[in-house]
Every structure is written in C-alpha cells, then in structure tokens.
Amino acid sequence: MKKEIMLILIISIFAVLITGCQNTLTETKTTDNQIAKNSGNTPEKKQEAEKMNTIVTIETNKGIFKAELYDEKTPVTTKNFIELVKEDFYNNLTWHRYVKNFVIQGGDPKGDGTGGSGKNIPLEVDKELKHIKGALGMARSQDPNSASSQFYVTLAEPPNLDGGYAVFGHVIEGMDIVMQLREKDLINKITIDE
C-alpha cells in the first residue's frame, strides 16, 4: 500500500512539473511575440528597414569612390542627381574647384563654375544632415534655389555650410581617393550601383 501511495505521489509530482514546464514555454513564446510586436518588428517594418539608399560609384582619373545618397531625407536633390547620372551628364567633366581642407567641386559642363544642367532645384535642407568630412552637397549661387548640377565633396567639416547648402549624401568608400583630387582632375563617369 505504501508503495502504491509513493508511486501515485511521484507520478503526481512529475505531472505537475511537466505542466509547469509547458506553461513556462507558452509564456516565453507569448512574451517573445509581445516583444516583437511592441518593438515594431512586424514584417512591414522589417521590409521598410531593408530599403537601402541609392549608392553611386564615382570614377575619377585618381581612382574610384562610392557615396550613399539620402533618398528619403532629400528626395528632390537626390532625384535630380540620379536623373543626371542616368543621362551620363557627369561623364568626362572636370573637378573645376579645389580648396584645401574645404571642398572639391565638379559637375559643371563649362568647367569654370558658371554652368549647369539647364534646370534649377529648390534648396532642400534637412537639419539632421551636417557637413561632415566626405559629405556630398549641392553647389549654388547667391540664390538659394539655384542648385543645378554642380556638387561638392567636403574635405573637412565646414559647419558654416550647414543650413545654407543641401547635403544629399556622404562618401562610404574611397575617401583617400577624394583627398587626392585637385582642380582639373576628371570625373570619368558616375554610375548607380544596382
């Protein structure tokens, strides 16, 4: 009789332990699902996070560098630049302006800083985008809405340009090549990485 009671007691304890473990596993799964839901990791959010900014490759006579464009933060400026790239507008133009520890500038078909694409775009400034070393910005005249095709790459951090000029990208590879560029060097071509 004592053996039967002991056996029933052991089976009961074992059953309670198994039930407790199953509940813990269910709670853990529920908690994981709640964490994913609360953190916004829904399939839609994941797909949105996977959207990449446009990457361009800029081939020069000194070498190649790559830049990431800010498609969402500066859509007008980025669209203008991408359209010109797709038209091969920049191919075989020069870097017409070099200022040590400041900028290297190109994109002028006249090669003297007075030319453009024939179309102007409005000044597009995002307060989060700063002129860090390697920033891509749109050159313009005194009129804030006069940017066209000329762009520059900063060779240092000129904060005095922030707010007055559109930053629309930054160098992600080959900054050493950018630092070697000088006036009269060539933009062989610019392509969009697919």
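A few points about this structure:
- Subset of the range 134-146 (residues that are within 17 Å of residue 106 (Cα to Cα) and either surrounded by fewer than 23 Cβ atoms within 10 Å (Cβ to Cβ) or touching an Asp or Glu at 6+ places or on another chain (Cβ under 6 Å) (or both)): 134, 139, 140, 141, 146
- Sole exception among (1) surrounded by 20 or more Cβ atoms within 10 Å (Cβ to Cβ); (2) within 21 Å of residue 52 (Cβ to Cβ) for residue 149, by number: (2)
- Considering each residue of the range 164-181 in turn, at least one proves to be small (Gly, Ala, Ser) and surrounded by fewer than 14 Cβ atoms within 10 Å (Cβ to Cβ).
- Residues (over 19 Å from the mean Cα position of the chain (by Cα) and of a type in the set (Val, Ile, Thr)) located in the range 160-180: 177
- Strands (runs of 3 or more DSSP E) enclosed by the range 58-114 - at least 3 residues per element that are closer than 12 Å to residue 152 by Cα and either modelled with pLDDT under 95 or in the same structural domain as residue 172 (by TED's automatic domain parsing) (or both): 93-99, 103-106
- Test result for residue 178, outside any strand (DSSP E or B) and closer than 18 Å to residue 60 by Cβ: yes
- Some residue of the range 154-171 being within 21 Å of residue 55 (Cα to Cα) and of a type in the set (D, E, K, R): no
The values are calculated or read from the model by the stated rules, or taken from the named source; none is laboratory data. Bear in mind that the values here come from a model prediction, so they are computed numbers and not experimental data. Reconstructed Cβ throughout: ideal geometry from the backbone, glycine too, with neighbour counts over all protein chains shown.
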